[in-house]
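To keep things clear, I will list the structure first and then write my remarks on it.
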Ligand code: MRU
């Protein structure tokens, strides 16, 4: 999307690949909204660390980062022994897959890259195929998000107040975003609406990233405390909820998303407010049979016990908020059952969650 800094507007992708230097270029998301900076990872281990440390985050963005990371690792291999090369690629794959557990996009993206690589007969051929397949994954992610916008934009009418949770914007993908795509499409059609961004504690992706994105795109918005949504719903101040997902189960229609999403879905159902989830195809897990089996990332307690921000000197600083002798529990995601979801906005159209399985071929499941 376009970013305007000091009066200059430029288009950026969240993730891209620098072929000359064999490095993955990332927007350093931990610094936003205070500083806009691009960083480059020197090797696949650094790329994996950037995913773990949340330099880059969001399902599609870490999917593309893992795809590029796999290509980066493959391209760093020296020699022409195909067996040794395959063992090396398998090790790179595992390190990137282990970087964060909940989103399925990195694994789907890397499986895709490996499928393409298998067509090559030499190390050099497979390296070139890895590079091309990673680029295609990134391009497809951006295309899918634009298509989500085309379908989801129809749900938005002028005057609406929309709630979103966490950041499923372009920073969470290669470009455009999933939950924000319908908003950007509706804005392009001249519709006027207002967005409430859940703050999304503990890491505040709503307050820092979604709010920054919407401000950059000049979309009317306000940040609300995570606990405020019920009150606003009760007063008729929310007409529509759109969120993203890190893993949607193709067999059951259950959806994993940032912690707090389930609570919002329960509230939306209580108030009969439509609750939509926007996903590209790489977010669908066709294998798992129940939401309970989705690996939910347990994150460090420091995220709950305090917060990061910029101090008055403009320096990034962590402040302890909680009682110094207390510990915390910090699950990063939750699972929303299918019956609480009005529809899933995909690049192929809007489906009821339980319709994903019957439309699996159209939605890219090969079997
Ligand atoms: O922990 P994060 O920031 O990587 O979590 C991912 C998310 O931003 C959300 O869960 C988002 O709503 C879905 S990812 C497109």
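A compact table of results
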{"quantity": "Residue that is surrounded by the fewest Cβ atoms within 10 Å (Cβ to Cβ), among those in region 255-273 that are within 13 Å of the ligand (Cβ to nearest atom) and in a helix (DSSP H, G or I)", "calculated": "262"}
{"quantity": "Residue check, residue 280 closer than 21 Å to residue 182 by Cβ, out of contact with any strand residue (DSSP E or B) (no Cβ under 7 Å at 6 or more places or on another chain) and assigned by TED's automatic domain parsing to the domain that holds residue 153", "calculated": "yes"}
{"quantity": "Output for region 91-119, where each listed residue is within 16 Å of the ligand (Cβ to nearest atom) and either in the same structural domain as residue 249 (by TED's automatic domain parsing) or assigned to a helix (DSSP H, G or I) (or both)", "calculated": "96, 97, 105, 106, 107, 108, 109"}
{"quantity": "Residues located in region 53-69, provided they are touching a strand residue (DSSP E or B) at 6+ places or on another chain (Cβ under 9 Å) and surrounded by fewer than 24 Cβ atoms within 10 Å (Cβ to Cβ)", "calculated": "55"}
{"quantity": "Residue match in region 327-335 (condition: within 18 Å of the chain's Cα centre (by Cα), loosely packed, with under 13 Cβ neighbours inside 10 Å and either touching a residue at least 24 places away in the same chain (Cβ under 8 Å) or not in a loop (DSSP other than H, G, I, E, B) (or both))", "calculated": "yes"}
{"quantity": "Condition check for residue 138: more than 16 Å from the ligand (Cβ to nearest atom) and either crowded, with 18+ Cβ neighbours inside 10 Å or at pLDDT below 95 (or both)", "calculated": "no"}
{"quantity": "Positions within region 336-360 being away from the ligand (no atom under 16 Å from the Cβ) and either in a strand (DSSP E or B) or at pLDDT below 95 (or both), in sequence order", "calculated": "343, 349, 350, 351"}
{"quantity": "Search result, residues across region 161-182 that are more than 24 Å from residue 54 (Cα to Cα) and either within 10 Å of the ligand (Cβ to nearest atom) or under 16 Å from the mean Cα position of the chain (by Cα) (or both)", "calculated": "182"}
{"quantity": "Number of the exception - residue 122 against (1) touching a residue at least 60 places away in the same chain (Cβ under 8 Å); (2) loosely packed, with under 15 Cβ neighbours inside 10 Å", "calculated": "(1)"}
{"quantity": "Region 274-305, residues that are part of a helix (DSSP H, G or I), within 11 Å of the ligand (Cβ to nearest atom) and over 16 Å from the mean Cα position of the chain (by Cα)", "calculated": "303"}
{"quantity": "Selection from region 198-211 of residues that are touching a residue at least 60 places away in the same chain (Cβ under 8 Å) and either within 16 Å of the chain's Cα centre (by Cα) or assigned to a strand (DSSP E or B) (or both)", "calculated": "198, 200, 203, 204, 205, 208, 209, 211"}
{"quantity": "Some residue of region 151-160 being within 21 Å of the chain's Cα centre (by Cα), farther than 30 Å from residue 94 by Cα and within 16 Å of the ligand (Cβ to nearest atom)", "calculated": "yes"}
{"quantity": "Test result for residue 72, buried (at least 21 other Cβ atoms within 10 Å of the Cβ) and away from the ligand (no atom under 16 Å from the Cβ)", "calculated": "yes"}
{"quantity": "Number of positions in region 49-82 that are within 15 Å of the chain's Cα centre (by Cα) and within 14 Å of residue 93 (Cα to Cα)", "calculated": "7"}
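Here is a yes/no grid of residues against (1) within 16 Å of the ligand (Cβ to nearest atom); (2) part of a loop (DSSP other than H, G, I, E, B):
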{"position": "192", "(1), (2)": "no, yes"}
{"position": "196", "(1), (2)": "yes, no"}
{"position": "213", "(1), (2)": "yes, no"}
{"position": "218", "(1), (2)": "no, yes"}
{"position": "233", "(1), (2)": "no, no"}
{"position": "238", "(1), (2)": "no, yes"}
{"position": "242", "(1), (2)": "yes, no"}
{"position": "253", "(1), (2)": "no, yes"}
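The values are calculated or read from the model by the stated rules, or taken from the named source; none is laboratory data. Predicted model, so just to flag it, every value in this text is computed and none were measured. Every residue, glycine among them, receives a Cβ derived from its backbone with ideal geometry; neighbour counts consider all protein chains shown.
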